[in-house]
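Scroll down for the structure; my scribbles are underneath it.
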Amino acid sequence: MTRLLSGVALGAAALGAILFLPPAALRALACAVAALAAHEYLRVLHHDERAPAALPVLLLVVLTCWVLAAPARDGVLGLLLLGLGWLAVEVVFLGVTVDRAAARILALWYIGMPLGMLAAVHALGGPSAALLLISTIVVSDSAQFYTGRLFGRRPLAPAISPKKTIEGAIGGAVIATGVIVALGPLWVPGAQRGPLALLGLALVGLGICGDLFESRLKRIAGVKDSAAIIPGHGGVLDRIDALLFATPAFYLYLAG
């Protein structure tokens, strides 16, 4: 019951933000979510040692999200240079190993970039475009779960997420693609069903990759959830893992 109630509350809050917040406020909200998710990511990443100072990385994540939330793709090269600059600082002056410093800087592109692009999707296509993206991912996740429970026999990635099955992934792909094909022309003017079908399959596949990527991080860290701030659901990163991988593809489709 706790999981259901918190899920309904999260869904209502997200819907209200997408429908009623002005662009600047939605951009700021995306940055706040990015900061929370990046903080969780760094905590999971540093499970086995004392974490270096996280504030510069968090600030860079927020800056990445803010810049990429604008429909125009200006400033991307500058963000790349800033990230590489801080990577050098951590390795040369703070004594962080190259692999760990690179994993920390990945937060800019793993979290900051897609959440900024999600706000940009709203700016480019309006609330309906953002809702289409989120609805496709939510339907995919639910369809994978229920078709997996009903028909699942063959594990998809047993070493990472034993409960995921190939049958569940196929069910999620079929149902979520059907949703985006049906709703896309209504919610995104000019959208054609053929490209939408390909986009739907790509979103489902990328969403599954995002889910497995975060599951792998948590398995390495030996934790069940990225945090415990959402009753019954874990952390912010646990709720948006599929969306993080899928959003750039939808953004490129919309902006192309």
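Data table
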{"item": "Which of CYS65, CYS209, CYS31 has the fewest Cβ neighbours within 10 Å, and the rest in rising order", "result": "CYS209, CYS31, CYS65"}
{"item": "Reachable aspartates and glutamates from LYS164, criterion Cα separation under 16 angstrom, eight or more residues apart if same chain", "result": "ASP141, ASP211, GLU214, ASP238, ASP241"}
{"item": "Potential extension, ALA13-ASP99 segment - 0.36 nm per residue separation minus Cα distance", "result": "27.2 nm"}
{"item": "Candidates ALA197, ALA182, ALA28: whichever shows maximal mean-square fluctuation once the chain is modelled as a Gaussian network with Cα springs under 10 Å", "result": "ALA182"}
{"item": "Pair-distance profile P(r), taking every C-alpha pair of the range 115-256, with 5 angstrom steps and integer %", "result": "2, 11, 19, 22, 19, 14, 9, 4, 1, 0"}
{"item": "P(r), alpha carbons of the chain - 5 Å bins starting at zero, rounded %", "result": "1, 6, 12, 16, 19, 18, 13, 9, 4, 1, 0"}
{"item": "Volume of the Cα convex hull of the range 192-256, divided per residue and given in Å³", "result": "87 Å³"}
{"item": "Cβ-based charge dipole, the chain, positive-most Cα from ALA101, ALA34, THR247", "result": "THR247"}
{"item": "Calculated from backbone phi, Karplus (6.51, -1.76, 1.60) coupling profile of the range 209-222 in Hz, x at Gly/Pro", "result": "4, x, 5, 5, 4, 5, 4, 5, 4, 5, 5, 4, 7, x"}
{"item": "Size of electric dipole in the chain: Cβ of Lys, Arg +1 and of Asp, Glu -1, about Cα centre, debye, nearest 20", "result": "460 debye"}
{"item": "For the range 1-123, alpha-carbon Rg over 2.2 N^0.38 Å", "result": "1.17"}
{"item": "Within the chain, helix-based [θ] at 222 nm, where runs of 4 or more DSSP H residues each add -39,500 (n - 2.57), nearest 500", "result": "-26000 deg cm²/dmol"}
{"item": "Ranked packing of 216-229, 161-174, 105-118, most packed first, by mean Cβ within 10 Å", "result": "105-118, 161-174, 216-229"}
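Values quoted throughout were computed directly from the atomic coordinates according to the rules given, and no laboratory measurement underlies them. Bear in mind that the values here come from a model prediction, so they are computed numbers and not experimental data. For neighbour counting, all protein chains shown are included, and Cβ atoms are generated from backbone atoms with ideal geometry for every residue, glycine included.
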